[in-house]
Each structure stands twice: as structure tokens, then as C-alpha cells.
1. I'd like the full set of residues that are under 18 Å from residue 104 (Cβ atoms) and over 27 Å from the mean Cα position of the chain (by Cα), limited to the stretch 183-214.
2. Being touching a residue at least 60 places away in the same chain (Cβ under 8 Å), surrounded by 20 or more Cβ atoms within 10 Å (Cβ to Cβ) and outside any strand (DSSP E or B) is the filter here; which residues of the stretch 532-560 pass it?
3. Consider residue 509 carefully, then state whether it is hydrophobic (A, V, I, L, M, F, W, C), part of a helix (DSSP H, G or I), free of Cβ contacts under 8 Å to residues at least 24 places away in the same chain and farther than 22 Å from residue 344 by Cβ.
4. Quick one: which of 493, 485, 407, 412 is in contact with a Ser or Thr (Cβ under 8 Å, 6 or more places away or on another chain), of a type outside the set (Val, Ile, Thr) and at negative phi?
5. Can you name the number of the only condition in (1) open to solvent by less than 30 Å² (accessible area, probe 1.4 Å); (2) among the aliphatic types (A, V, I, L, M); (3) touching a helix residue (DSSP H, G or I) at 6+ places or on another chain (Cβ under 7 Å); (4) farther than 24 Å from residue 95 by Cα that residue 157 fails?
6. Where residues in the stretch 434-462 are within 22 Å of the chain's Cα centre (by Cα) and open to solvent by 20 Å² or more (accessible area, probe 1.4 Å), which of them is modelled with the lowest pLDDT?
7. With more than 28 Å from residue 465 (Cα to Cα) and either among the basic types (Lys, Arg) or touching a Lys or Arg at 6+ places or on another chain (Cβ under 7 Å) (or both) as the only criterion, which of 261, 252 stands out?
8. Residue by residue through the stretch 84-117, note down the ones that are assigned to a strand (DSSP E or B) and over 23 Å from residue 233 (Cα atoms).
Amino acid sequence: MKKKSLLFMLTMQLILSSFLAACVSDSAYPSTEETPEGKINTTFDKEASAGEPVAGGILTYGMEAAPEGLFNWAFYGNVTDGQVLDLFDEGLITYDENLQPQPNFATWETEDNQSFTFTIQEGVMWHNGDELTVHDWVFALETIADADYDGPRYSNVQTIAGAPAYREGTADNISGIEVIDDYNVTITFDEARVNNLVNVWTYPMNRTEFEGIPVAEMSASPQVRQNPVGLGAFKVKKILPGESIELVKFTDYWQGEPKLDGIIVQILGNSTVIGALGQGDIDMINLAPVNAEGALNMENIKVITYPGRSYQYIAFKLGTFNAETNTIHEDKQKYADVNLRRAMAHAINREEWIDAFFFGYGSPVNGPVPSTHWIAADSSDLSTYEYDPEKAKDLLAEAGYEDITGDGFVEDPYGEPFVAKFSHYQTSDTTFETRAQAIVQYWNEVGINAEVEMIEVNLYYDMIEEDDPEIETFFGGWSTGSDPDPTGLWGSDQLWNYPRFLSEESDQLLADALDVSIVGDDKEARKDLYVQWQQLVTEEVPMIFVAELDQITALSDRVAGVTYDVSGSNFPYEWYVTE
């Protein structure tokens, strides 16, 4: 059975480039290029070629960067945490190889795409011995809708009828949630939308574990950071922050006893990955492109690539976000001139940069939707920004940025020094600063004085979300889910709208694309609206769209039962080792 978490399939997911899994490491994104020689770009079933499974056994799962440590779906914010969560927790819904929702331990019915009745399977057990009921799901929905909730998932509950009133404190419950009994619940949304099912949050939270903990304190609690419980095939035994996580099999797992006795998550430095693979110290890891070529030459390792749905970008901070009112204020003027942003886009040689730092595992992307997605606009329909230093210089002059002092760098339209600050996250991968410096060098070459600021990765996205004044232009990445709706990243009331792009036209196009009365079940009508939206975004350039990359995974030849497709891997309870 294929599985894909809501993280990867429903919401747009945060990519911390060189260490993400299905969203991934710098290695984990889709490429429209032909697969380079020596790589595999098909669904891969290791079991077909491996030996017989050994009873029990431990699999060592490598990670190139340490998780932040938010081990609950409602609170996590980066994909390293998501990789760990996928090993010990599950949601109500899963996704098949066509990215269509399928029942996991819940089924649903609807007649109008507005009201859905869900039935949860009886006998599904939490790791602490509690039985899962709909009350655990309702608890999760109410937690995320609470005014004190400090995570980024509110967009996945805000369309439930009554959720805004609950968040504002004018209602004691969410009126759109009707509990029928312990295993049945009806969820009614504020209006019929084509994506209500795939957008709603479908990860329960164990009520017993969080009993008595205020919502404002949950994300910092031991229940999230040290002793998380889930519904998956493995349960957490021990967490050594920055070093390892030990998981043991959960014998009461609802799909049956797992084949493995346990999984050890081992945190590695980027420079030690190839050595660890070669020595057999790790069995499975999502690779950054810089390590993929080394792994290809190992006899005991199979390197697998498969399509992702992610893109990398350089964004401009255009405003700030008020989390209390969920509104954007256009109060940052430094990059307000669209011609300045267009000039900075034309200055970057994306193909050269991708070849230099991603070793043939990627290609330029021209918009906010990866080219593998069905709503992706053709590049010919978009405003594109090919490498053209002379055009960049002309646009700078048109915007009033000229070199007045003769030092080779432009001043701003008021004659004041102009320095572009470019921020990039820092991990153990030393190439990150090199690639950040390469971006700055492109800007220098067209007369823009620029400097790099490297920021520790677990602090980086906090600074972006909080609109820290130190953040001006910044590197990041997003992954698209099974449903193409980008509202969670681009809506003017969304925390994850990191550039703080404010556009009524954008909001209306995104709303229309979900409106059943406008698009019905016509995918082409919906795609047309998303194409119009992509045209608007690429014309306004709130971010420079840089690259889309392959997902790359390395497996030891002792690992079997693992399959991959565009939705990611199968459930870990099916994995096993052969020695």
C-alpha cells in the first residue's frame, strides 16, 4: 500500500534544500531533463531482487541534517522532522501513485463537496495503548484553530464552518464539526470546494498525552519534542537531539506486526555520508546531489531517482505579516520596484548555477508550479527571466539605479548606497555558502552590491516567518501536494506567504479555481485559472524561480520491501532486511 503524509501531499511543504526527503534534500526534486546515465528513474521495488526477509532486524536510516525536533504533524515546520514523523505516525488518508486520496484508517462520503461524513476504523491503537477515536481528530482540529496555536497549519482548518469564530473566541466549538459517535463524524465546510477533502487536516492528536497542556505550550512540550506517540508501525523509544532517534516496532500496529524490529535514525554530516554508506553504517538515506555520484559507484548501494514536485526560489521581502489578524502589510520598500526584481532575476545564470551545484540532477523552473504538475503553465505563457546581464543593467537604469560614485555599483534612485542582503540557511554542508556567494557574484556583475548572510537552519525559517529585519532576499524551496491549490503559500492571509505578496487579483484567481460554481469538475477550467495566476506571479516577480530537482535515495543491498513512485515510499511496516 502506498503512503504519503499530508505534509507532502496536501499542503505545500517546506524544503530545506539539501536535506529533505520527499520534500527532501537538495536532491529531492523533479527534473524535466532526461535521466542521466547510470540513474534509475522508475518505480523501484527492491523486494523483487533481494533475498528472503530476515525475522526482525534493524534498519539504519541516515539523515544529512538534524531535525528541529517538532515531532507532531500539527507543529513541525521542516521536512527533516517530517521524515522522522513518517516513520512513526500516520493520518486518516493516504495517496496512491496517481496522487489520488485513498482511505488509510478512515473512509468518507459526500454528496456535495461541502459536507463529508468520515468513519474511522475501530481498533486502531496509539502507541500509549489508547484506541483512536474521532475525538482525537476533533482535538487536533480544535488545537490548530485555537488562537494560541503557534504552528503553520491553520489554512488546513480555516475553511471548516465555524473555525474562524472559534479562533476569534466568539464560539466555544467549531460549528462545522458534528460528532456522531466515537467512530463517525461529519465535517461541514463554509462552502463547496473541489479540494475540501484533500485540504482538510487529517492527522489526529492523542488527547490523553496533551491533557492539561495549554495550546500555547504544546509545541515546546515533551509530548512533541521528547516523547511523541503516534499511530504508525514503529514507536519512539529514545531521542538524542542532533545524534540519533531509536524506534522499535509497535506490535499492535493496525496493519499487522512490522517486519523490522526497529529503525535507528542516524544524523550524519554531509561530508560523512559516502563513507557511512560504503562501510555499511547506514542502510537508507535521501541524498544531496553532491553525494549521489559517489554512491553510484558503490557495489553495495542502489541509487534511485524519482520525480518530485518541488522548486527552489530566491524571494524578496515585500512586507510583514500580522499573525493576529492574518493580514499582510506592504511596509518594506527596498525591493518594491518590480523592475529591480526583474533585473535581479535576469542577472542569475540559473543553468550554470544548477550544473555547478546539483551535478545534473535539476533544471531551471520558470514559475511557482513544478513542470511535472498537471496545472503547470507552459513557459511560453509566462514572463520568464533568462540570463541576460545587459537587460538586467537596462532594467536597473530604468528603475533609477545608477552608479553615481563610479565604484562599479549602483546607488538607489535617491542617490543612497544600495546593498542587497542575501540570506541562506547553513547546515554542515559547506557548499551552501559557496552557492550563496555565486548568486551574489551574479548580482555584483551587473552592478548590484550584495552580500551573503548564512543563518543556522533551525533559526532561519523562524526569522523568515517573523519578518526579521535582517531578512531581505532569501533562498528557500516549496513542494506541491497532490492537490495543486497554492493558496497556503500565496494567499494574502497565509503565514507561509513568505515574500508577503499582496494581490487581490491573485487571491481572486485562487478562490475561483476552487469554486465549484465556477469550475465544477472541469480540470481544464481549473487549470486555466491557475495558468492565469502563474502569469500574474511571474510578471510581478515576488520571487525568482530557480530550479526543480530530482529526488535521490540510496538503499543498501540488504534492504528490501521498499517501493517508490511520485507519491514517495510505501509504508515502513513493509520494509525488511535480508541479512
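The values are calculated or read from the model by the stated rules, or taken from the named source; none is laboratory data. Model, not experiment: these values are computed from the prediction. A quick note on method: Cβ atoms are made from the backbone with ideal geometry, for glycine too, and the neighbour counts reach across all protein chains shown. We work out accessible area using only protein heavy atoms, side chains counted, and drop any ligands, DNA or RNA first. Shrake-Rupley method; radii C 1.70, N 1.55, O 1.52, S 1.80 Å.
1. Listed by number, the residues that qualify are 183, 184, 185.
2. As a first pass, look at the stretch 532-560 and keep what is touching a residue at least 60 places away in the same chain (Cβ under 8 Å): 534-535, 537-560.
Subset that is surrounded by 20 or more Cβ atoms within 10 Å (Cβ to Cβ): 534, 537-538, 541-556, 559-560.
The answer is 534, 537, 538, 541, 542, 550.
3. It is false that residue 509 is hydrophobic (A, V, I, L, M, F, W, C), part of a helix (DSSP H, G or I), free of Cβ contacts under 8 Å to residues at least 24 places away in the same chain and farther than 22 Å from residue 344 by Cβ.
4. Being in contact with a Ser or Thr (Cβ under 8 Å, 6 or more places away or on another chain), of a type outside the set (Val, Ile, Thr) and at negative phi holds for just one of 493, 485, 407, 412, which is 493.
5. Here residue 157 meets the rest and fails (4).
6. The qualifying residue modelled with the lowest pLDDT is 458.
7. 261 is the lone residue from the list that is more than 28 Å from residue 465 (Cα to Cα) and either among the basic types (Lys, Arg) or touching a Lys or Arg at 6+ places or on another chain (Cβ under 7 Å) (or both).
8. 108, 109, 110, 115, 116, 117
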